[in-house]
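Student: Supplied in C-alpha cells, the structure appears directly below.
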Amino acid sequence: MPEQVFPVRAPISNDLLLNSVSNGIVAIDHQGRIFCFNSSAEQVFQIRAEDAIGRPILEVLPNTGGKLLESLYTGGSFPGYRLKGQYVEVMANISPILVDHRPVGVVSVFQKISEFEATAKELDAYKKINRQLNAVFESSYDGLFITDGSGLILKLNKSSERLNGHMVREVIGKNVRDIVDEGYIDRSVTLEVLKRKTPLTIMQKLKNGKQIIVTGTPVFDEKGQIDFVVTNERDISYLTLMKNQLQSDLGVAEIVILPPIGSTGDASGSDPIAISQGARKALEAARVMARFDTTLLLLGESGTGKSLFANHVHNLSARKIHRFVKINCGAIPESLMESELFGYKKGAFTGAESSGKIGLVQIANQGTLFLDEIGELSPNMQVKLLTLLEDKEIIPVGGTEPIKIDVRIIAATNSDLKKNAAEGRFRKDLYYRLNIVPIYIPPLRDRREDIPALIRSFLLSFNEKHNLKKSISPDLISVLCTYHFPGNVRELQNIIERLIIMSPDDEIRAADLSQLSLWEHPFGHPDESEEISVTLLRQGLENYEKKMIINALKLHGNKHRAARALGIDPSTLGRKAIKYMIPCDGAISH
C-alpha cells in the first residue's frame, strides 16, 4: 500500500496569529517603542500598524500610552484598567514582559468599553433571567423535577422534596430507574415519556403512601431528540378527602373530583378533560396519533368534543406552527362546497370575485384540515376528497392545473359511516381511506366521572367571560351527575352558562335548575328520550330534597328550627313534609 503523502503547509507566523485575535494588542520594548500593533488595535484606534510600529508609544497614543510606560518603569501589572483616549475608551489588561525578573517590555490586551459593557449587560441579563426562573421553579406549590434525555435527575424543587419525603442530595445525579428500584415511587412517568416521546399524565404512588398525579413533558433538541423531561407532581390527597366528604354529606357515590388534565373551551391549545377510563383511552390514542402524520377519524355523538380532540391532536403535532382549519360539511350548501374547499379561478362563474379566491384546503396547507360531519358530503365532493387524500392535489373551480397540497386530514362524524358505506350512501373507498385510525369519543352519560371537572372548568371560563365570581354547590354537582345529557358536553356547557347568567345568588344551587326552567325544551315539545331524562332529573331533585328535610328534622328536632336551617318558612316545610309523607310534628328518631 503506497505511503500517504500530506501536502506541506507553511508554518503559521506570529503576525498571522496576533492579527487573528479579536482583542486589541499593543506591545512596547524597553525603550517605550511600539513593536506590536495588531489588526484589532488598528480598528480600535483607527491607526495603521505601519504608522505605529517603531514609534514611541506617547507619540502614537498620547492619552493611553502613559500607563504602559508606568508598567515598564515599575514592573507592575494593571489588570482590568480603564483607559480613556481622545476618541475611544478601552478596558485593558497591562502586563510587563520580564526577563530575569526585569521588565524588558510591556504588552496591553484591551477591548472597547462599549463592547465590554454590552457583554457585561448580557451576562447580567442572563443572571437575572436565571434568578427569576429559579424563583418560579422554587415557589411552585406543585413538585417539579427535571431529568436529562437518559432519565438522570438534574434538578428538583422544595415542593418535590416535601411530597416525596427525600432530600435533594439523595436523588440528584441518580437515574429515575434507580428511584423506582429503591421504592421511592411505584412507577416513573419520565421513563414512559422517554419511551413514547409524548407528554403523559399518570397516577403515582410514593414510598410514604401518598398518591400524586404526575405529568411528564418532553423537551426536544434541534435534532428531534429528547433533551430533557420536565415532570409536574400534584398531591391529590386533599382532593380525595373532598370527594369522601362530599359522598358522606350527600350520600352520592361515583363522584370523582380530580384536577382536569387540561381546560376546555375554544382556546387554541386547550386539552380535553379526561378522567373517566373511556375518555382517557380516547385522549391517549389522540396523543399517540399526534406523532404520526396520517388520516384520523373521530367517532362519537354530537357534542362530545370531537372538535376539541382534533384541535388537541393538531397542537401536539409537528404541524402546530401552521393553520388548523375546521370545516363543518353539513353547514355549507352543496352548491358552494367545492368552491369553498378548493377555491376558484378568475371568472369561474357568475358572481365570482374578479381576482379569484383561495380555498380552505390551500389555507390549511402544511397544517391540519378538520372535516366535521364528514358523512354529510355529497357523492361528488366525496370523489374530490378522495383525490385529495390519494394524490395530495386539488384543482380550483375553473382551473386546469392541479395544485400540490400538503395537509393532514382529520375527519369526524356522529353517523355510522360503515353502515352508510354498506348501504351505498357513502363511498366505500373513501370510508376505508378515512378509517385508518378511528378514535371513539364516548358520550357524557358514559363518562360521568368527567362531569365535576367539566363543571369547574366551565365555571371558571364563564366567570371570567362575564366578569363574575359565582360558585356551584355540591348538591347541584351531584344532581347534574345523575342526568344523562343527550346533548353531551355541549349541553352541559350551555346549562352552566345559563345558570351563571340567570341565577340571582353568588352560589348556584340545585333548586336553581327548576326555578330558572333550565330543563324545558327550547324548541317545542321534547322527544321521548328527553322526557325520560327530565323525569329522571326531577326525581333526583325530589329525592335529594326529601333527604335534606329528613336530615334537618333529625338534627334540629322540630319543624321551626329545621325550616330556619334550610332557609324556608315552616309552612313551606310542612307542605313538603306532607308531599313526601315525612312526620314533622315531633322529632324524627335517629
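Student: Of everything in the range 296-316 that's buried (at least 22 other Cβ atoms within 10 Å of the Cβ) and small (G, A, S), which residue is nearest to Y432 (Cα to Cα)?
Tutor: A310
Student: Examine the range 163-170 for a residue that is of a type outside the set (S, T, Y), farther than 16 Å from E233 by Cα and in a helix (DSSP H, G or I), and state whether such a residue exists.
Tutor: yes
Student: While we're here: S478 - would you say it is over 21 Å from L308 (Cβ atoms), surrounded by fewer than 21 Cβ atoms within 10 Å (Cβ to Cβ), over 24 Å from the mean Cα position of the chain (by Cα) and at pLDDT below 90?
Tutor: Values: over 21 Å from L308 (Cβ atoms): yes; surrounded by fewer than 21 Cβ atoms within 10 Å (Cβ to Cβ): no; over 24 Å from the mean Cα position of the chain (by Cα): yes; at pLDDT below 90: yes.
Spelling it out, it is not the case that S478 is over 21 Å from L308 (Cβ atoms), surrounded by fewer than 21 Cβ atoms within 10 Å (Cβ to Cβ), over 24 Å from the mean Cα position of the chain (by Cα) and at pLDDT below 90.
Student: Among the residues of the range 390-426, how many are part of a loop (DSSP other than H, G, I, E, B), out of contact with any helix residue (DSSP H, G or I) (no Cβ under 9 Å at 6 or more places or on another chain) and either free of Cβ contacts under 8 Å to residues at least 12 places away in the same chain or buried (at least 16 other Cβ atoms within 10 Å of the Cβ) (or both)?
Tutor: Adding up the residues that qualify gives 4.
Student: Another question, if that's okay. Can you find even one residue in the range 320-343 that is in a helix (DSSP H, G or I), in the same structural domain as D406 (by TED's automatic domain parsing), within 26 Å of E222 (Cα to Cα) and within 23 Å of the chain's Cα centre (by Cα)? Outline the logic, then answer.
Tutor: Looking only at the range 320-343, we keep the residues that are in a helix (DSSP H, G or I), and these are 334-342.
Filter once more, keeping what is in the same structural domain as D406 (by TED's automatic domain parsing): 334-342.
Subset that is within 26 Å of E222 (Cα to Cα): none.
Within the range 320-343, none of the residues are in a helix (DSSP H, G or I), in the same structural domain as D406 (by TED's automatic domain parsing), within 26 Å of E222 (Cα to Cα) and within 23 Å of the chain's Cα centre (by Cα).
Student: Hey, can you tell me all the residues within the range 373-390 that are farther than 15 Å from E334 by Cα and in contact with a Lys or Arg (Cβ under 9 Å, 6 or more places away or on another chain)? Can you show your working first?
Tutor: So in the range 373-390, the residues farther than 15 Å from E334 by Cα come out as 386-390.
Selection gives L386, L389, E390.
Student: Search the range 347-365 for residues being in contact with a strand residue (DSSP E or B) (Cβ under 9 Å, 6 or more places away or on another chain), in a loop (DSSP other than H, G, I, E, B) and surrounded by fewer than 16 Cβ atoms within 10 Å (Cβ to Cβ), and hand back the single one that is modelled with the highest pLDDT.
Tutor: E353
Student: I would also like to ask the following. Of all residues in the range 174-192 being assigned to a helix (DSSP H, G or I) and aliphatic (A, V, I, L, M), which is nearest to the chain's Cα centre (by Cα)? Explain how you work it out, then say what you get.
Tutor: Of the range 174-192, the ones assigned to a helix (DSSP H, G or I) are 176-181, 189-192.
Within this subset, residues satisfying the condition of being aliphatic (A, V, I, L, M) are 176, 179-180, 189, 191.
Numbers: V176: 24, I179: 28, V180: 27, V189: 17, L191: 20 Å.
Among those that are assigned to a helix (DSSP H, G or I) and aliphatic (A, V, I, L, M), it is V189.
Student: For the subset of the range 125-160 comprising residues that are polar (S, T, N, Q) and farther than 26 Å from R177 by Cβ, which member is modelled with the highest pLDDT?
Tutor: We begin by selecting, within the range 125-160, every residue polar (S, T, N, Q); these are 130, 132, 134, 139-140, 147, 150, 157, 159-160.
With the extra rule that they be farther than 26 Å from R177 by Cβ, the set shrinks to 130, 132, 134, 139.
Values: N130: 70, Q132: 70, N134: 73, S139: 69.
Going through the qualifying residues, I end up with N134.
Student: Still on this structure, I have one more. For the range 53-75, does any single residue satisfy the condition of being exposed (fewer than 15 other Cβ atoms within 10 Å of the Cβ), at pLDDT below 85 and among the small types (G, A, S)?
Tutor: no
Student: Now for a separate question. Among the candidates N134, N157, which residue alone is outside the structural domain of P218 (by TED's automatic domain parsing) and among the polar types (S, T, N, Q)? Show your work before the answer.
Tutor: Values: N157 fails: outside the structural domain of P218 (by TED's automatic domain parsing).
Only one candidate passes the filter, namely N134.
Student: For the range 313-337, what are the residues that are out of contact with any Gly (no Cβ under 8 Å at 6 or more places or on another chain), closer than 19 Å to L386 by Cα and modelled with pLDDT of 85 or more?
Tutor: Residues satisfying the conditions are K326, I327, N328.
Student: Return yes when E138 is surrounded by 11 or more Cβ atoms within 10 Å (Cβ to Cβ), touching a helix residue (DSSP H, G or I) at 6+ places or on another chain (Cβ under 7 Å) and under 30 Å from S159 (Cβ atoms) and no when it is not. So that I can check it myself, show each step before the final result.
Tutor: On the way: surrounded by 11 or more Cβ atoms within 10 Å (Cβ to Cβ): yes; touching a helix residue (DSSP H, G or I) at 6+ places or on another chain (Cβ under 7 Å): yes; under 30 Å from S159 (Cβ atoms): yes.
Considered against the rule, which asks whether it is surrounded by 11 or more Cβ atoms within 10 Å (Cβ to Cβ), touching a helix residue (DSSP H, G or I) at 6+ places or on another chain (Cβ under 7 Å) and under 30 Å from S159 (Cβ atoms), E138 comes out as yes.
Student: Which of (1) in contact with a helix residue (DSSP H, G or I) (Cβ under 6 Å, 6 or more places away or on another chain); (2) farther than 19 Å from V437 by Cα is the odd one out, the single condition A290 does not satisfy?
Tutor: (2)
Student: Also, quick follow-up: Could you list, in sequence order, all residues of the range 291-327 that are among the acidic types (D, E) and closer than 21 Å to D406 by Cβ? Lay out the reasoning, then the answer.
Tutor: Within the range 291-327, the first condition is being among the acidic types (D, E), and the residues that meet it are 293, 301.
Hit for the range 291-327 is D293, nothing else.
Student: While we're looking at this one, here's another question. In the range 46-95, what count of residues is obtained for those that are touching a Lys or Arg at 6+ places or on another chain (Cβ under 9 Å), under 19 Å from N23 (Cα atoms) and not in a loop (DSSP other than H, G, I, E, B)?
Tutor: Residues of the range 46-95 touching a Lys or Arg at 6+ places or on another chain (Cβ under 9 Å): 53-57, 63-64, 75, 78, 81, 83, 88-92, 94.
From what's left, under 19 Å from N23 (Cα atoms): 53, 57, 64, 78, 81, 83, 88-92, 94.
Subset that is not in a loop (DSSP other than H, G, I, E, B): 57, 78, 81, 83, 89-92, 94.
Within the range 46-95, residues that are touching a Lys or Arg at 6+ places or on another chain (Cβ under 9 Å), under 19 Å from N23 (Cα atoms) and not in a loop (DSSP other than H, G, I, E, B) number 9.
Student: Do you know which residues across the range 500-522 are modelled with pLDDT of 85 or more and touching a helix residue (DSSP H, G or I) at 6+ places or on another chain (Cβ under 6 Å)?
Tutor: Within the range 500-522, I500, I508 meet the criteria.
Student: Of all residues in the range 554-567, how many are free of Cβ contacts under 8 Å to residues at least 12 places away in the same chain and either among the charged types (D, E, K, R) or in contact with a helix residue (DSSP H, G or I) (Cβ under 8 Å, 6 or more places away or on another chain) (or both)?
Tutor: Kept after step one, since they are free of Cβ contacts under 8 Å to residues at least 12 places away in the same chain, are these residues of the range 554-567: 555-556, 560-561, 563-564, 567.
From what is left, the residues that are either among the charged types (D, E, K, R) or in contact with a helix residue (DSSP H, G or I) (Cβ under 8 Å, 6 or more places away or on another chain) (or both) are 555-556, 560-561, 563-564.
Result for the range 554-567: 6.
Student: So, one more: Can you tell me how many residues within the range 193-227 are surrounded by 17 or more Cβ atoms within 10 Å (Cβ to Cβ), among the aliphatic types (A, V, I, L, M) and part of a strand (DSSP E or B)?
Tutor: Residues in the range 193-227 being surrounded by 17 or more Cβ atoms within 10 Å (Cβ to Cβ), among the aliphatic types (A, V, I, L, M) and part of a strand (DSSP E or B): 6 in total.
Student: Can you spot a residue in the range 427-442 that is in a strand (DSSP E or B), touching a residue at least 40 places away in the same chain (Cβ under 8 Å) and in contact with a Phe, Trp or Tyr (Cβ under 6 Å, 6 or more places away or on another chain)? Before you say what the answer is, go through the steps one by one.
Tutor: Step one: of the range 427-442, the residues in a strand (DSSP E or B) are 438-440.
With the extra rule that they be touching a residue at least 40 places away in the same chain (Cβ under 8 Å), the set shrinks to 438-440.
Remaining after also requiring in contact with a Phe, Trp or Tyr (Cβ under 6 Å, 6 or more places away or on another chain): none.
No, that holds for no residue.
Student: crowded, with 19+ Cβ neighbours inside 10 Å and either under 21 Å from N208 (Cα atoms) or within 31 Å of the chain's Cα centre (by Cα) (or both): which single residue out of L163, L152 fits that description? Show your work before the answer.
Tutor: Working: L152 fails: crowded, with 19+ Cβ neighbours inside 10 Å.
Going through L163, L152 in turn, the sole match is L163.
The values are calculated or read from the model by the stated rules, or taken from the named source; none is laboratory data. Model, not experiment: these values are computed from the prediction. Ideal geometry is used to build each Cβ from the backbone, glycine not excepted, and the neighbour counts take in all protein chains shown.
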